[in-house]
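Q: Just passing along the structure, written as structure tokens.
The values are calculated or read from the model by the stated rules, or taken from the named source; none is laboratory data. As the structure is a prediction and not an experimental result, all values here were calculated from the model. Here the Cβ positions follow ideal geometry from the backbone for every residue, glycine too, while neighbour counts run over all protein chains shown. Protein only, heavy atoms only, side chains kept; ligands, DNA and RNA dropped before computing areas. Shrake-Rupley method; radii C 1.70, N 1.55, O 1.52, S 1.80 Å.
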Amino acid sequence: MRNRQRLMMEVLAFLLTVITMVLGGLMYFSNLKNTRQNLIGVELADFIYNTNYSMQFGKKIETFYGMQDNLLSLRNSIDDVERLYIISEKNTPLFSTDQETLPERVSSMPAGNNLSDGDYLYCMYAINDNARILTVSSIAAMGQDLKSYLLKLAGIAAAGFVLVWILIRLAWKLVSDQNKAYRLAAALAVLWIVLFSAMTGVDEYREYAGSTRTLQDHIGESVRTDLQKLEGLGVERKNFYEIEEYLKRYTDLIPEVEELTLEEDDEIACRMSVDYRRKKYLDYVLQTVLLLTFSILILAEYQFFITNTGRLAEEEQNGTD
């Protein structure tokens with residue numbers, strides 16, 4: 001009975017370690033998808049703004065002249081995008097760069113959302129209240145990043161679990177009282193899961209912070225490219241007007257970015273959204289809390305099972321006496 005309890009505790013610690021690693025991988029992949037969506041959004045900002053601006057003068061998206069050619073040109077200018085679709089408010093494609101049929105759950109996706117399906121990532125952006133633009137890109141590169149991250153996480157998980165396994169064995173060997181040995185082993189398992197979950201959350205938040213810096217650099221490069229195009233057309237820098245209004249196309253499209261300012265050296269000062277960053281931070285904290293709660297519930301259920309099993313065994317033994 002004593003050895004079986006120890007074995008069950010070791011199995012529980014292993015299962016909780018695997019669950020923590022899987023959830024960590026899912027959160028990391030979600031961050032990869034959101035980062036890809038934001039980076040593509042930077043590339044789409046001019047197209048979305050110009051299309052929406054044209055429609056303010058009475059143009060309808062269904063009969064927008066030259067839209068097919070515009071989409072093809074846009075697709076060729078963005079390395080990560082393989083297909084583009086203009087989606088109506090009724091969730092039907094109006095224009096596309098390809099004849100591939102879209103799944104209903106993709107075409108009905110709200111603006112601002114993304115979805116991975118098979119080998120592709122689908123990202124939806126709003127043009128206006130009546131139309132959205134959908135991008136389709138390969139997830140191969142993200143798959144490689146996820147694989148590398150999971151291998152790193154698996155190494156940490158294996159080292160931590162082996163240490164916990166050794167400590168549980170020592171607790172069972174050195175503590176003669178079975179209940180005390182169980183409680184000590186349970187405390188070690190919970191402590192390990194809390195530490196592993198916290199470490200995973202901190203590491204993923206660090207990755208998220210790094211992705212925001214990449215996003216800022218991408219926006220800065222896009223803005224400088226636009227300014228250079230204007231200068232190439234002969235427009236002098238002193239005649240650049242409504243720069244603040246121009247920069248709003250990025251803040252309107254990307255929720256992480258709250259304000260952009262163009263400085264004298266053409267560098268972009270980017271103020272990230274405090275509310276959005278706080279939300280992301282709370283997401284990682286919530287993951288740790290949920291894993292802790294899940295671990296405690298499993299251990300409590302296991303303790304209840306052991307207690308009832310022991311009581312039944314005792315009653316059976318008393319009955320035979």
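Q: If Gly143 meets every condition in (1) buried (at least 16 other Cβ atoms within 10 Å of the Cβ); (2) out of contact with any Ser or Thr (no Cβ under 9 Å at 6 or more places or on another chain); (3) over 25 Å from Leu253 (Cβ atoms); (4) of a type in the set (Gly, Ala, Ser) apart from one, which number is that one?
A: Condition (1) is where Gly143 drops out.
Q: Which condition number in (1) at pLDDT 80 or above; (2) exposed (fewer than 15 other Cβ atoms within 10 Å of the Cβ); (3) not aromatic (Phe, Trp, Tyr) is the one that Asn239 fails?
A: The single condition Asn239 does not satisfy is (1).
Q: Say whether the condition of being under 30 Å from Val162 (Cβ atoms) and either free of Cβ contacts under 8 Å to residues at least 24 places away in the same chain or of a type in the set (A, V, I, L, M, F, W, C) (or both) is met by at least one residue in segment 209-232.
A: There is at least one residue in segment 209-232 that is under 30 Å from Val162 (Cβ atoms) and either free of Cβ contacts under 8 Å to residues at least 24 places away in the same chain or of a type in the set (A, V, I, L, M, F, W, C) (or both).
Q: Looking at (1) among the hydroxyl-bearing types (Ser, Thr, Tyr); (2) over 30 Å from Leu102 (Cβ atoms); (3) open to solvent by less than 40 Å² (accessible area, probe 1.4 Å), which one does Ser176 not meet, given that it meets all the others?
A: Here Ser176 clears every test but (3).
Q: I'd like to verify a number: residues in segment 231-271 that are more than 19 Å from Phe47 (Cβ to Cβ), within 25 Å of the chain's Cα centre (by Cα) and acidic (Asp, Glu), how many?
A: So the answer is 3.
Q: Next question. All but one of (1) modelled with pLDDT of 85 or more; (2) over 22 Å from Tyr284 (Cα atoms) hold for Arg6; state the number of the condition that does not hold.
A: All conditions are met except number (1).
Q: Of the numbered conditions (1) in contact with a helix residue (DSSP H, G or I) (Cβ under 8 Å, 6 or more places away or on another chain); (2) under 19 Å from Glu207 (Cβ atoms), Leu26 satisfies every one except a single condition; which is it?
A: For Leu26, the exception is condition (1).
Q: Can I ask one more? For segment 219-228, give me each residue that is surrounded by fewer than 20 Cβ atoms within 10 Å (Cβ to Cβ) and within 22 Å of Leu253 (Cα to Cα).
A: Gly220, Glu221, Ser222, Arg224, Thr225, Asp226, Leu227
Q: Moving on to the next point. What single numbered condition from (1) open to solvent by 40 Å² or more (accessible area, probe 1.4 Å); (2) in contact (Cβ under 8 Å) with a residue 24 or more places away in the chain; (3) touching a helix residue (DSSP H, G or I) at 6+ places or on another chain (Cβ under 6 Å); (4) among the polar types (S, T, N, Q) fails to hold for Gln68?
A: Here Gln68 meets the rest and fails (3).
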